[in-house]
Every structure is written in C-alpha cells, then in structure tokens.
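> First the structure, which I've put down as structure tokens, then a few questions once you've had a look.
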Amino acid sequence: MLSIAVRKDTGERPFKCKTCGRAYARSDVLNRHIRHHHGKGEGNDSKESTMPDASGLLGRSSPSVNSSPGRTEGAAAGNGRLTSEEPSSSPHNTPPECPTPEDLVARDISNNDWNVADYADYADHMSGLSNHCPHEVPQPFEDSHTLEVQMVDDKCVSQPPTILSPGATINHFDPNLDWSLGPTQISACGGAPNVLPTNIDFGTILLDWYPLSPTTRREQHASISPKDGISNEQFERVRRLWPTRRRAVTFSPSPLCWDDILLYPEANIFSSTSLKILASLELTAMRESSWGFTEFCRGRLVQLMARYAPVPVNDIQGASPPSLAPWNGEPPPTDILDLCLDLYFGQFHVHLPFVHPGTFDASITPEILLFPMCLIGMMILNRRSAHQLIADYLPGTIRHCRAELGSQGARHCPAPDILTVLGSSCLVLFIAASTAEVAFEEERQELYREALSLANERGLFSSPNYSFSLMQAVVDDDVIWKGWARIQSAQILTACLVLADAYSANMLGISAVLSPGQIHMPLVCSDALFKAHSSNKWRSLMGDGDPWNPPLSVVFDKQNLPPRLTRRDLQTTLSLIWLHVLKTRDHLECQKSSIPSSMDEVPTLSSGPRDSIGPPSATSSLCLFYKVHGSELNDGNTNSLILWHYLCISLTTSSTVIEDAAGRNGPEAAKAAVESLRLWAGTPSGRRACLHAAQILVTINRHCRSDGMMLHSEIALFNAGLVMGFYLFTAADCIPAGGSCYDLFDEVDWVEVGSLGLEPEPLETNNCSLTSPAAVFIRDGGPVSFHGAQFYSAYGASRRTFMNVASQLEEVGKWNVQEYCSVLRIISDTLFTSDSQSTGP
C-alpha cells in the first residue's frame, strides 16, 4: 500500500509520493497521480512513473513519458513532440481526458516549453475532466496518457487563463495536422476530433498566446514579456505569409562583361553552343550554302513563324481562312532563304554590319536573329512577298523581342545572349521603319525604348573593359582573329544602336533615350579588315599592327573630334551629333509659337536655344566635323555625306512647317505654313537649307551600289525635295531678272562657308571676308539656276523639282519609295495651280 508523507506547511509541495518521489502542492493531485500511475501496480518498483518532474518541463520542450535521462533527451531533440515510448503501466488505467476545442490554446511549434506557475488551475481543470467524458479517446491521446504538470501554490496564480475560441486555437501551418478534415469533424461531445494524426504535437495547438521561454525555478513567479522568446521558426512562418510579389527583389541590371565576349567558345558572338550540338546531328546538310543554311535552319524558322502567325478567324459561313503570306504561310524554300542571306550580306550589311561575315554560320545562329536577316534579304529580292510576310509576322517578331528584353534574365544574362537580342531588335526596328508609317508605329516605339534602355542600363555605351592580355599570349592567328571579331561585332552593334536611337527619335518625334554627352563613342576597324573571310586574309591586312593596341572608344567631345576615323566611325560621330540636334529640337518645341508673325520668329532650330550639353552647340559641331573630316566625307560612302547635309537642313528649317505646307494636316494648316515659309525663304537660313537640299541631289548622282541606301538617305532625299521645292515656290528673288544666277548644283566649299546661315547672328567679320559664290548667295540671296537652266516661274521651278526628286528617289530607293514618291507627285500635280501671269521657262 502506498504511503503518503505529509510535511509541514512551510514548503511549496507538502505532499510527496513515496513510490516515485514526486511532490505536489495538494493532496487531491497526489491521489490522482497514484490512481493513474500506480493503481494496480502500487509498490512495484519495476513500474516507474512515466511523468517528468517540473524541472524537466520548464527546462526543455515537452519530454517523453519515460522519465529516464535518455528518453528525456531524445524527446527534447524531436522538436518538442509529446510522444510515448511505451504504453501505460496498467492496461486498465482510466483513459485520460481529451480537451475540448474551447480548451485548446494556439501555440507555435518553435517554443514548446510550459510555464507551470501560470497554468496550475488550468492543469487542475484538465485533470478533473476525466470523469466527464464518456467517449473513447483516440490513439494519440491514449499514448500520451494525461497531460500533467507540476503545480505551484495557489497564491502564485493571479487569475485563471483566458480560454480562446476554437477558431483561434487551430494552427493551419502545422505539418502534422490534416486540416482538410474541416471543422465538421469535431465530435458533439467533448469536442474531440474523430481522426487525428498519430504524431500530433500538442505544443502547436496549446497555450500559444503565452510567451513560453525556458525559466529557472527562481524565475517561475516572474512575469514574462510578450516579445521574449521569438525564434527563427516564428520569423520564417511570418515570412511565408507575406505576398509572393513582395518577396521577389528586382536587382539592377549587371554591367556587361566584355571578357564573356572575348572568351566565348564559339567563333561568332551570335552563335549558339546548344544549336551546334543539334546541327551536328543533321545528315542532310546543304553543303553548297556559303552561309551554312540547311533544312534544319528552315525547320527552325517554320516553328518560329508558327508562333508569330496571327490566329486565322473563319467567317460566319465556315469558309476556310485565307492563306497567310506566300508559300502558304511558311518560309520560302531553303535555296531561296540562302539567297536572301546572300542579298543581306551583299547589299544591306554595309548599313548595319554588326554580324561578322567570316565566322557567321546560319545553322547555329538563333532564329530570333536569323529570321529578320532572311526577311531583309526577302525585301531586296521580292518586295511584294516581303511586304506580305512583314504584315503577317512582324507583330509577332516585335512581341518576341520585347518579351526577351523584358525578362529578368536579360538583365543579368551573359553578354553574348543579350547582344543577340539587341542585334535582332536593331534589325526589327529597321524592318518596321521600312513599312507604312502607321502600321507598326506603337509597337515599334515600345521596342525602341526597351532595347535602347536595356542596352544603356547594362553599360553597352560605356568604355569596354576586357583582359586583352589573355589574347596577347595566344600565338594561333585563328584564335586571335575570332576573338578580335567578337569584340568588333559588339562595338559595331553599339554604334548601330546609337544610329537607331537618333533615327527612331527623329522619325517618331519623341525624345532620344541616350544622352550624347555620356556615350563613349566606339571606334571600329576598317570595313575591309572586318570583312576578311579568313585569319590569313585578316593577318595580311593587319600586317605587323597590334589589333589590341588602338583604343576601342573615346568620350565624344564636340570640340575635339578624333582625327582619323573609319567610315563606320564617321557614321557614329554624325549619329551623336544628330542626338545633339534632337536635343536642340526638343528645347525649341517647348518655346516655339505655332505661326511666326515676323522674320525673327521663323521656326528654325538654329534660331532656337543652344543645347545644354555643353559649349559649342550642334551647329559648331557640324562645321567642325566637315572641317576635320571633309575629305573622308567626299571620298567615302555617300550616306555619311547625305546625313551631314540632312542635319544641316534640320538646323535651318522646321520639318513640321514643311510638312504642313505639303498638306499633311489639311488645307488651313497648309496655307498658314506657306505664308510662314515666305518669311523663311528670305533669310540666310532658308537659302542655306535650299543649298544643302540641292547638294543632296548632287551626292545622289554619284551614289554607288555598294554604298547601299540607308533609311536616313531616303528620308534626306525626300526632305530635300520638299525644302528645295518650297523655297523656289516662296522665295521672291529666285526668278532671274537679268544678270548672273547662282547655280545650285555647283561645287561648294563648306569650309569657307563655315557657320553662315546656321548661326542666328553670324559675325560681321565673316560676312566681310566671304569670297565663295555659295557664301555670297547665302548672305545676299539672288536668282538661281539648275545646271545652267533658268526658270522664270516659281510654280514651274518648284513643280519640276518635286518631279525630278521623285524620279531619283524611285531609281535609288529601296524601302519607302512608293509612299515618298506618291507624296511628291501629288504635290506637283494637285497642290499648286499655275499663275496665269507666269510664263514657262
């Protein structure tokens, strides 16, 4: 029989069990302990009590029911799970009482320690429920026996704990609970669930609103702050509750690594290693193709165009939809596509030559770049078929490029990957610009903004920095040539993007993305060196020179231009000056009036504010450029000289007023613009604009087929016809009245002319020292002639000018010829009426 030793009321636990040595504050608690744990086995020392003492409960997570040290440590290591290593000592023990949902208090799994001092009454309440639940307890409760804790004196408890509602007690994030059972499975009596996992952790559902940190016996009666004991698991749970979109951090784009370009394993920077593996498995390669275009390439284009194709819509009667483009909506045959690549490299490559022809291989070129290359060749081969292909597949191509540019990978991917997307975007921008003006204007504008912004953010327009010493140690010319070609391709693509920024901003009438003062102007090699088809040819052209010695870029300075530039460098320098002109235009647009009322308010860019990039203005830059590189402009590619003349026209007239005079915005705007141009034609700026327009026609006459026709050349020729025609129509002194006339097609010494007509107020010293006939005409005006032919009617002179420019444009133009020619012919045929008092030539 169990004996009970009673101590004096001087201690905290006067009642002690002689069998297991447990001490309790009250006798009824000790009696329940004896009944549950020593009932029929009282006095049997082999059956030990399975409940831990209070120190174990306070110092670690809920322990195992076995009181041995090994069992206790194992339970503490198991995330505080309340488990039973062995069954109860008596199979006839009264089943422990299960708590109702109202008795369950939410508790986090990160802290399973129980503070006994605050829960004495609650433990007594739980112990007293054993006689009131007639239902069978589920297995987890049987294995756990009765949840008991050591009790303290009643005076240590200030008030009974508040029992939370069932909705607040459920922990939906506990991995051991199957909450798909739902609240309907709570039993009617006692609130016990019908099914519970066998490894349930009561620490996750009990007493969560109390901060339960381990305390010593001395600290049992101290109040605990609600913010103590927050563990890493609790913070991790809160982190998982935050919305997913707030968890992702957008990092700034990483700078372009030029060493990735230098050490790229493929010969061409636009080649793909993964495609090389697939292409090697092809057995039916078209070996006669000089560009490596095979059936495998065409198959890839078929799949790509299937993604780009618009969804056909059947009519109401169920008729079959019309076929898309030529060849039933598929790419042309393989031999035709190979011919398109020939035309691309033969006639177009001179404009945007960022693809190195000597190492290009179509079989390993990604289709996002290969498709626009073939499409440009198709535009040269068959304009009608190309226009149908553009109408059907260009919107999908633009969406593809924009998706690649907008992806998170484009902000941090290696340099070859982003260069491929930027190169494709550059070609797609050209194709979109070569179609009707309003067809893809919105999509083209978005692609232009995104491509230039991403290139700028990744530092493509900064000074390149790479370890060229790695290549200096290489003795194999083939390896050196390929590494050098990859660097040159990236540099030329940078220059092409600068041109694309200036051209797109000019055509779309928006601000440019790039700031010319922050661009490191790329310096590239000569065309012949870049076109070398082998390392031997390249080495023979290079000679003993070091390909890594010249600087790859310089900071653009309008006061100090580089002395010796290649043809591509001239084009890039003019593109940067073009950006300065656009900045001047933007400043003028904010201040100009709609219709000038006096000669001082004639809307020209030269009369507007100087650009804020620095001193000197874009006007001085153009004059300095011709003074330093005039011989290269006259002896090199005609497109560069045409662009220089076009920029001078942009500074000496307003394209908006000229287009209004041509009837773009209706009859009222046309009449007001013509009156404005009468004032403009009487100024040095108007006369210089007419002279630049005539010189563009002269330059076109010596244009070579190898020079190609760039987009800005067609625009320049079209605007030259409008400027020259309207000057002859509105100038009062252009009709010969006897005496000598100035021939607009004579050679002009632009160095002697200087900035006359470009600056709003030329210096008097320059006016007095003028001896050139062109300079005298700009300053004083007078009648004009064309190769000696004189026109005595302003209407006849302007009409023939429009018709002659339309004929020249139709002969040499490639892209928007029909649209431009139609405008010029309509103006010459219908816009003007002959003056009855005028006589013909």
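> Give me the pairs: first residue in the stretch 395-409 and closer than 8 Å to Y308 by Cβ, second residue among the aliphatic types (A, V, I, L, M) and modelled with pLDDT of 95 or more, beta-carbon distance under 6 Å, and six or more apart or on different chains, which are they?
Between residues of the stretch 395-409 that are closer than 8 Å to Y308 by Cβ and residues that are among the aliphatic types (A, V, I, L, M) and modelled with pLDDT of 95 or more, the close pairs are T397/V428.
> Still on this structure, I have one more. Output the number of the condition that G666 fails; it satisfies all remaining conditions of (1) without any contact (Cβ under 8 Å) to a residue 40 or more places away in the chain; (2) on the phi < 0 side of the Ramachandran plot.
For G666, the exception is condition (2).
> Scan the stretch 691-698 and tell me whether some residue there is over 22 Å from E811 (Cα atoms), surrounded by 24 or more Cβ atoms within 10 Å (Cβ to Cβ) and in contact with a helix residue (DSSP H, G or I) (Cβ under 8 Å, 6 or more places away or on another chain).
Within the stretch 691-698, one or more residues are over 22 Å from E811 (Cα atoms), surrounded by 24 or more Cβ atoms within 10 Å (Cβ to Cβ) and in contact with a helix residue (DSSP H, G or I) (Cβ under 8 Å, 6 or more places away or on another chain).
> For the stretch 601-646, name all the residues that are outside any helix (DSSP H, G or I) and either at pLDDT 90 or above or among the polar types (S, T, N, Q) (or both).
Correct list: T604, S612, S617, N637.
> Scan L574, L529 and give me the residue that is crowded, with 18+ Cβ neighbours inside 10 Å and either within 18 Å of I642 (Cβ to Cβ) or out of contact with any helix residue (DSSP H, G or I) (no Cβ under 9 Å at 6 or more places or on another chain) (or both).
When all the criteria are applied, what remains is L574.
> Would you mention how many residues in the stretch 422-476 are within 18 Å of the chain's Cα centre (by Cα), surrounded by 20 or more Cβ atoms within 10 Å (Cβ to Cβ), assigned to a helix (DSSP H, G or I) and not polar (S, T, N, Q)?
Of the residues in that region, 13 qualify.
> Search the stretch 739-754 for residues that are small (G, A, S) and assigned to a loop (DSSP other than H, G, I, E, B) and pair each with any residue that is at pLDDT 90 or above and buried (at least 17 other Cβ atoms within 10 Å of the Cβ) when their beta-carbon atoms are under 7 Å apart and the residues are at least 6 apart or on different chains.
Matching pairs, first to second residue: G754/C623.
> Is the stretch 655-663 home to any residue that is within 39 Å of the chain's Cα centre (by Cα), in a helix (DSSP H, G or I) and modelled with pLDDT under 90?
Yes, that holds for at least one residue.
> Here is a further query. Across the stretch 758-797, which residue is nearest to G721 (Cα to Cα) among those that are modelled with pLDDT of 90 or more and crowded, with 20+ Cβ neighbours inside 10 Å?
Among residues in the stretch 758-797 that are modelled with pLDDT of 90 or more and crowded, with 20+ Cβ neighbours inside 10 Å, the one nearest to G721 (Cα to Cα) is V784.
> Right, here's the next one. Conditions: (1) over 30 Å from A362 (Cβ atoms); (2) of a type in the set (G, A, S); (3) at pLDDT below 70. S252 meets all but one. Number of the miss?
(3)
> Could you check the stretch 370-427 and list, in sequence order, the residues that are of a type in the set (S, T, Y) and under 22 Å from T494 (Cβ atoms)?
Within the stretch 370-427, S407, T420, S424, S425 qualify.
The values are calculated or read from the model by the stated rules, or taken from the named source; none is laboratory data. Keep in mind it's a predicted model, so treat the numbers as computed, not measured. Because the Cβ atoms are built from the backbone with ideal geometry, glycine has one as well, and the counts that use them run over all protein chains shown.
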